[in-house]
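No lab work stands behind these numbers, since they all come straight from the coordinates. Bear in mind the structure is a predicted one, so any value in this text is a computation, not a measurement. Note: ideal-geometry Cβ built from the backbone for every residue, glycine included; neighbour counts use all protein chains shown.
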Amino acid sequence: MHKIATYDFTGKRALIRVDFNVPLNKETLVVTDNTRIKAAVPTIKAVLEGGGSVVLMSHLGRPKNIPEDKFSLKNIRAAVEEELGMPISFASDCIGDRAFEKSAALKPGEVLLLENLRFHQREKKGGEDFAELLSEHGDVYINDAFGTAHRAHASTTVVAKFFPQEKMFGYLIEKEIESVDKVLNTDRSPLTAIVGGAKVSSKITIITKLLDKVDHLIIGGGMAYTFIKAQGGEVGSSLVEDDFIDTAKEILTTAKAKNVSIHLPIDTVVADEFSAEANTQVTKTQSIPNGWMGLDIGPEAANAFREVVKNSALILWNGPMGVFEMDKFQNGTKEIALAVADATDNGAFSLIGGGDSVAAVNKFNLADRVSHVSTGGGAMLEYLEGKQLPGIAAILNQ
């Protein structure tokens with residue numbers, strides 16, 4: 001398989017699938033978070049500095065298979081130009097005569113951004129004829145969109161078959177794969193996984209998979225109360241998935257058999273309603289009063305979790321410790337983020353994945369103090385679960 005660092009791009013057009021599905025201001029349609037654009041820059045520059053030209057393709061939002069101005073990639077053109085430090089061209093469609101004329105006319109060092117792929121229903125359906133048309137834009141195909149690697153869409157998977165010998169991963173996907181492999185295939189210990197978020201049901205597969213790998217499993221967020229109830233605790237009106245009480249019990253039993261230490265919050269910040277203006281108090285998690293709900297881990301839990309994280313060699317974090325979007329309930333997530341950053345400063349390897357966890361490290365300005373922030377929460381989880389991602393397999397299969 002080709003590697004971007006050693007490939008000769010002289011005189012070649014590189015068709016790059018990027019993940020520019022970035023948030024826009026609803027009124028001005030200006031990019032509000034350019035993290036994903038920044039992440040693609042090293043790959044784009046590698047091609048340009050190697051003597052090639054670049055054709056960028058991406059989706060944005062969820063248009064209904066027809067052009068919609070609020071989902072047009074013309075809205076992100078300025079942000080891409082700013083990150084690249086150069087002007088780029090734009091094609092008002094991703095296929096069609098005008099788009100092909102523009103890509104065919106590219107000179108080395110130039111960049112063309114194609115219009116939103118999802119303006120065509122054949123993109124999500126994985127249409128082979130659509131993928132073949134897209135392939136006409138390049139001499140070599142690079143997939144650098146990890147966030148969509150678990151989707152078998154035309155631009156992420158099917159298009160690769162039209163570049164049987166001329167396809168590769170971009171730097172971003174290379175780093176994503178390398179980071180997950182560091183967690184899954186390592187002799188370093190202790191390995192700690194921090195899993196949060198609202199529901200056990202959405203994380204069962206990954207928790208079960210992690211029990212074969214980790215030394216410590218920290219469970220926070222709403223899902224913790226299902227485990228607390230499974231242990232016989234009183235959780236008031238906290239979020240509980242009663243259908244998964246038995247599952248939680250099985251996880252606790254399996255963890256014990258595999259010598260995995262499971263850490264649940266000792267105390268909890270509880271509220272009398274789900275609101276930023278709610279009355280709050282701190283209680284033991286095993287005895288939350290009726291009418292009160294847990295919305296964040298308490299200070300004792302934060303300190304206990306911090307000690308575990310501090311002594312870890314490898315850390316995987318997916319999911320917040322509470323409703324961190326509200327200031328009253330952000331402290332637990334902030335403390336975990338700081339603990340992960342401190343551990344990383346002291347030599348640990350840390351992998352952050354999942355939209356809320358990424359949002360948290362960004363909110364607390366700690367992204368630069370962790371080893372890797374994954375750009376694809378869903379894709380990262382599926383990869384950790386051992387699933388074959390179509391977008392990855394399409395490159396690996398020559």
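Points worth noting:
- Convex hull volume of region 13-169 per residue (C-alpha atoms, cubic angstrom): 99 Å³
- FRET E, pair Lys70, Glu325, Förster distance 25 Å, beta-carbon r, rounded to 0.05: 0.55
- Largest mean-square fluctuation among Asn116, Asn259, Asn318, in a Gaussian network model of the chain whose springs join Cα atoms under 10 Å apart, belongs to Asn259.
- In terms of its Cα atoms, the chain spans 69, 48, 37 Å along the principal axes, sorted from long to short.
- Order by protection proxy (mean Cβ within 10 Å, highest first), peptides 208-221, 281-294, 54-67: 208-221, 54-67, 281-294
- Volume per residue for region 230-276 equals 95 cubic angstrom (convex hull of Cα atoms).
- Each principal axis of the Cα atoms in region 136-177 has its own extent, and those three values, largest first, are 27, 19, 15 angstrom.
- P(r) tail fraction, region 177-384 - alpha-carbon pairs more than 33 Å apart, %: 8 percent
- Global size of region 280-388: 14.7, 45 Å for Rg and Dmax (C-alpha atoms, Rg to one decimal, Dmax whole).
- Top positive-direction residue, dipole computed over region 228-311 with Cβ charges, set Thr254, Thr268, Ser238: Thr254
- The residues neighbouring Thr280, those whose beta-carbon lies less than 12 Å from its own, together hold a net charge of -4 under the Lys/Arg +1, Asp/Glu -1 convention.
- Note on the chain: with a GNM built from Cα contacts shorter than 10 Å, the maximum mean-square fluctuation among Ala145, Ala154, Ala78 falls on Ala78.
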